Amino acid sequence: MDVKISESHEAMSYHAASQVAAYVRARESALICFAGGDTPLRTYQILIEMQKKGRVNLKDSYYVSLDEWVGLGYADKGSCQQMMRDGFYSPAGISESHICLFDGLSGDMSEECEKVEAFIRRFGGIGLAILGIGMNGHIGFNEPNGSDREGCFVIELHEVTKRVGQKYFPNGVPLSKGITIGYKTLEKADEVIYVAGGEKKNEIVKLILNSQPNPEVPATMLKNHHNICFYLSGMSFI
Ligand code: PGA
């Protein structure tokens with residue numbers, strides 16, 4: 001487990017983006033899993049800037065979504081799909097055939113799970129995953145004491161996830177379930193990147209760094225991954 005501490009969110013994002021760029025450069029077509037959320041957005045912008053300068057080509061890689069709020073779709077500002085399309089896939093010029101996203105509005109969630117699982121299988125697994133860390137230690141919607149199934153699943157959201165998740169939706173939306181790639185599938189990625197920053201994440205990050213893997217704090221479950229790096233900023237306890 002590698003831990004890289006940066007002095008600012010900007011520097012942290014630059015370091016995380018550099019790792020992604022190196023991974024993408026080394027492969028003709030990589031399968032990347034990018035988390036939505038506030039923390040990794042700057043990393044994605046830096047990748048787009050790198051592409052504009054000719055330092056990386058993001059368009060030959062493939063992308064799978066990590067999660068989505070059940071009942072929300074692209075038209076809902078703050079949904080994972082809206083954040084990732086507007087924040088990365090569109091400005092990076094990624095073609096639709098290179099993207100597989102959960103549709104939170106689908107009437108058949110098991111079909112959504114199968115769709116994303118089949119996409120991941122096509123590439124023999126995820127190559128690199130960037131994951132944010134929730135205030136309750138969740139990754140994607142792998143919730144505290146949630147499912148440890150392989151593949152994708154729908155899950156009842158933890159109280160903290162429902163409460164904190166409202167920050168993406170200024171007008172308020174009912175949040176009850178999520179659809180996600182499970183950590184058992186994420187842990188098979190070649191490289192895992194965690195990004196976390198700011199005073200509010202200090203307590204949970206400290207807990208994760210100091211705990212043995214346990215399902216109560218899902219982010220700990222990938223701690224023993226053979227190639228995992230925590231990119232952190234604003235951690236006053238370190
Ligand atoms: P955040 O979300 O990056 O917006 O803090 C992290 C998460 O809940 O996964």
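Given N residues in the chain, what is its alpha carbon radius of gyration divided by 2.2 N^0.38 Å?
On the way: Rg = 16.3 Å, N = 238, 2.2 N^0.38 = 17.6 Å.
Dividing the Cα Rg of the chain by 2.2 N^0.38 Å gives 0.93.
Based on the alpha carbons, how large is the Rg to Rh ratio for segment 105-183 when Rh follows Kirkwood?
Using only Cα positions, Rg/Rh for segment 105-183 is 0.98.
For the chain, what does the accessible surface come to per residue with a 1.4 Å probe? Please give it in Å². Before the final figure, lay out each step's value.
Numbers: 10350 Å² over 238 residues.
Here the residues of the chain average 43 Å² of exposed surface.
Of all the accessible heavy-atom surface of the chain, with the other protein chains kept in place and a 1.4 Å probe, what percent is carbon and sulfur?
48
Where does each of 8-15, 49-56 land if you order them by average Cβ count within 10 Å, highest first?
By packing density, highest mean first, the sequence is 8-15, 49-56.
In nm, to one decimal, how far is the modelled label at K52 from the one at K177, with both set 7 Å along Cα→Cβ?
About 4.1 nm separates the two model spin labels.
From Cα pairs below 8 angstrom and at least 6 apart in sequence, can you work out the relative contact order of segment 156-225, rounded to a whole percent?
The value is 23 percent.
Check the chain for me: any Cys whose beta-carbon has no other cysteine beta-carbon within less than 4.7 Å?
Singleton cysteines: C33, C80, C100, C229.
When Lys and Arg each count +1 and Asp and Glu each count -1, what net charge do the other residues less than 11 Å away from P144, Cβ to Cβ, add up to?
-3
Which residues among segment 182-203 fall inside the zone where the amide N is under 17 Å from a point 7 Å beyond the Cα of D2, along Cα→Cβ?
The answer is 189-196, whose backbone nitrogens lie closer than 17 Å to the label point.
State which entries of K77/K206; K53/K115; K4/K53; K162/K206; K184/K206; K59/K177 exceed 29 angstrom in Cα-Cα distance in the structure shown. Show your work: numbers first, answer last.
Working: K77/K206 32 Å; K53/K115 34 Å; K4/K53 25 Å; K162/K206 22 Å; K184/K206 23 Å; K59/K177 32 Å.
Result: K77/K206; K53/K115; K59/K177 exceed 29 Å.
Nearest 5 is fine: what % of DSSP beta bridges in the chain come out antiparallel, could you say? Display every interim value, and only then the final one.
On the way: 10 of 35 bridges.
Antiparallel bridges: around 30 percent, rounded to the nearest 5.
So what does log10 I(q)/I(0) come out to for segment 113-238 at q = 0.15, 0.17, 0.20, 0.23 Å⁻¹, using the Debye formula with one equal point on every Cα and no solvent?
For the requested q values the scattering log ratios are -0.71, -0.91, -1.21, -1.43.
For segment 95-102, take each phi angle, set θ = phi - 60°, evaluate the Karplus expression 6.51 cos²θ - 1.76 cosθ + 1.60, and give the result in whole Hz per residue in order, putting x for glycine and proline.
Computed from phi, the couplings for segment 95-102 are 6, 4, 5, 9, 10, 10, 10, 5 Hz.
Provide the packing ranking of 154-164, 136-146, 65-75, i.e. peptides ordered by the mean count of other C-beta atoms within 10 Å per residue, highest first.
Working: 154-164: 16.6, 136-146: 23.5, 65-75: 21.7.
The peptides rank, most packed first, as 136-146, 65-75, 154-164.
For segment 1-136, take every pair of Cα atoms, bin their distances at 10 Å starting from 0, and report each bin as a whole percent.
12, 42, 35, 10, 0
Based on the alpha-carbon gyration tensor of segment 8-75, what equivalent-ellipsoid semi-axes (square roots of 5 times the eigenvalues) come out, in whole Å, largest first? Please report the intermediate quantities before stating the final value.
On the way: eigenvalues 94, 53, 21 Å².
Rounded to whole Å, the semi-axes are 22, 16, 10.
May I ask which residue of P170, M135, V160 lies farthest towards the positive end of the charge dipole of segment 128-176, with charges of +1 (Lys, Arg) and -1 (Asp, Glu) on Cβ and the Cα centre as origin?
The one lying farthest along the dipole's positive direction is P170.
The values are calculated or read from the model by the stated rules, or taken from the named source; none is laboratory data. Keep in mind it's a predicted model, so treat the numbers as computed, not measured. No Cβ is skipped: glycine too gets one built from the backbone with ideal geometry, and neighbour counts run over all protein chains shown. To get the accessible areas, we keep the full protein, side chains included, count just its heavy atoms, and leave off ligands, DNA and RNA. Shrake-Rupley method; radii C 1.70, N 1.55, O 1.52, S 1.80 Å.
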